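Below: one structure in C-alpha cells.
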Amino acid sequence: MGGPGRAGRARALVAAVMASLVLTGCASGTGSAPAPGGPVGGGPLAERLAAEATVDGAVGHLQALQAIADRNGGNRAVGTPGYDQSVEYVASTLSRAGFRVETPTIVVTSEDDEGEGTEGAVGARTTRTVIAQTTTGRTDEVVLSGAHLDSVPEGPGINDDGSGVAANLEIALRLGAAAPVTNAVRFVWFGAEEEGLVGSQQYVQGLSADQRRDVALMLNSDMIASPNAGYFVYDGDGSDPGSTEDAAAGSATIERLLVDRLASLGVPAQGTPFNGDSDYGPFVEAAIPSGGIFTGDAPSKTPEQAALWGGRAGVPFDVCYHRACDTTSNIDRVAYGRMLNALAFGIGSFATDLDGLPPRADRG
Ligand code: DTR
Ligand code: ZN
Ligand code: ZN
C-alpha cells in the first residue's frame, strides 16, 4: 500500500547488503560477515517502528530512571526501593498505554549467597520482572525482546542497563498493545541480572516445553549507549572467536539482520561472543534462537576500532561501567539512536516475518 512493494524493497535491501559487504570488509577481518543468501528483514512495520522510536523518547525514560536513583541513594539495585520504583515506572507507563502488564515474583539467591546456608532460608529475597505482550499476533510465534531492569549497587545504571530498558519501553509504546503484527511481541524487563542472570534464568525455567517452543527468538539489549561506543552484534553464526556456546539455528539470521541494518545506517558492526554474560544466556542454553546488540563495557577500544567507529582508542567503551558515574551524562546519543533504530527494525521485521528462523516444530 503506497510503499515500494516487495521487489522495490528487495532492491533497496540488496543495495544495503552491498554497502554492508564493503563496510564489513574494512573491519580487518573481525567484522561479522553477512551469511550468504538474500537480505533479511524490513517491511512497513519495521520501517515505521525504526522511524518512530526516538532517542528523545528513550532519553526521557532514562531521565526518569536517573531521578529514581537520585531519590534512593544513587542506585536501582535489586532489593532496594530504587529497583521497586523502576518496576513501577516501567509497569505503569505500559499500563497507561493499554498494555496488560505482569510483574511475576522471582526468588533471588545470588552467587554470593550460595554456600552460606541461605538456601530455602526464611527471608530469602524476592523481586520482580516486568512482562508486557501485544494483544495481537500469533502467541505460538513470539518475538521476545529483553533488557535488565536492575543496576549494580554502586551506581544508577543508566547505560547498564537503563539504555536497554528505555529503548524497549520506547519501542513498546510506539508499537502499541494492539499493533498490526503477525507474531506477538513480548517485552521482558528482567530482575537481578547483576546477581547472576537470576531473572532470565527463572523466566526460562518457568516456561513449559510448549511455552518455550512458542518463543521464536530472543533479542537482548544490555548496554547500548556506551559513551565511547563500539557497535557489536551477538555472534549468531559462530564466526567470531570467544563464543562458549553455540547459538540455536536461526541466530545467524538475527545477527545478519542487525548487522545489515547497522550497515544501512553507515555503521560497520563487529561480532561479540555468546559467553553467558547477559540475559541471552538462558535462552541460548534452551536452544531458543537469540541475538542482540551491545556497545561495550570495561575493555578499551582498540586503535582499529577507533579508526572504524570514531571515539578514543585506549579508552574503555564505558569508563563508568558499574560505577556511580553511570548517569544520564554517560550516554552517547548518536550510538544510542543507531542501536535503538536497529532494535526497532529487528522487532518490527520479526513481528511481521520469521523467514530464516526455525519453524516451531523444529524448535527446542
Ligand atoms: N552483562 C553485563 C555486561 C556485559 C559484559 N559483556 C557483555 C556482552 C554483552 C552484553 C552485556 C555484557 C552487565 O550487566 O554488567
Ligand atoms: Zn552490569
Ligand atoms: Zn548489564
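Using modelled backbone amide H atoms (1.01 Å from N, in-plane), which distant-in-sequence or interchain residues come within less than 5 Å of E245's amide H?
Here the answer is F274, since their amide H atoms fall under 5 Å of that of E245.
Just the Cα atoms of the chain: what Rg and Dmax do they give in Å?
When restricted to Cα atoms, the chain yields Rg and Dmax of 19.2, 65 Å.
Given points 7 Å out from each Cα along the Cα-Cβ axis, report the T244 to E304 separation in nanometres with one decimal.
Placing both labels 7 Å along Cα→Cβ, they lie 2.4 nm apart.
Over the chain, what is the relative contact order in whole percent, taking alpha-carbon pairs under 8 Å and six or more residues apart? Before the final figure, lay out the partial values.
Details: 827 pairs, mean separation 87.2, N = 364.
Worked out over the chain, it gives 24 percent.
Shifting gears a bit: Classify region 193-286 from the C-alpha gyration tensor, please: rounded if a/c falls under 1.5, else prolate or oblate depending on whether a/b exceeds b/c.
Values: a/c = 1.96, a/b = 1.52, b/c = 1.29.
Here region 193-286 falls in the prolate category.
Also, I was wondering about something else. Hey, got the dipole for the chain? About the Cα centre, +1 on K and R Cβ, -1 on D and E Cβ, debye to the nearest 20?
On the way: 24 positive and 44 negative charges, 339 e Å.
Value, rounded to 20: 1620 debye.
Would you please put 300-313, 133-146 in order of how densely packed they are, using the mean number of other Cβ atoms within 10 angstrom per residue and starting with the highest?
Packing order, densest peptide first, comes out as 133-146, 300-313.
A follow-up question, please. Residue by residue through region 357-364, what is 3J(HN,Hα) from phi via Karplus (6.51 cos²θ - 1.76 cosθ + 1.60, θ = phi - 60°)? Round to whole Hz and write x for glycine and proline.
Running phi through 6.51 cos²θ - 1.76 cosθ + 1.60 with θ = phi - 60° gives 10, x, x, 3, 4, 9, 8, x Hz.
Just going by the charge dipole of the chain, with Lys and Arg at +1 and Asp and Glu at -1 on Cβ, which of P180, L219, L94 is farthest out on the positive end?
Of the options given, the answer is P180.
Which order do peptides 342-355, 175-188, 237-250 fall in by mean Cβ count within 10 Å, highest first?
Details: 342-355: 25.7, 175-188: 20.1, 237-250: 16.8.
Listed from highest to lowest mean packing, they are 342-355, 175-188, 237-250.
Considering the dipole of the chain built from charges on the beta carbon (Lys and Arg +1, Asp and Glu -1) around the Cα centre, which of L65, P299, V259 is farthest to its positive end?
V259
Throughout, read-outs are computed from the coordinates displayed, never taken from laboratory work. A quick note: this is a predicted structure, and the numbers were derived from the prediction, not measured. FYI the Cβ positions are ideal-geometry reconstructions off the backbone, even for glycines, and counts take in every protein chain you see.
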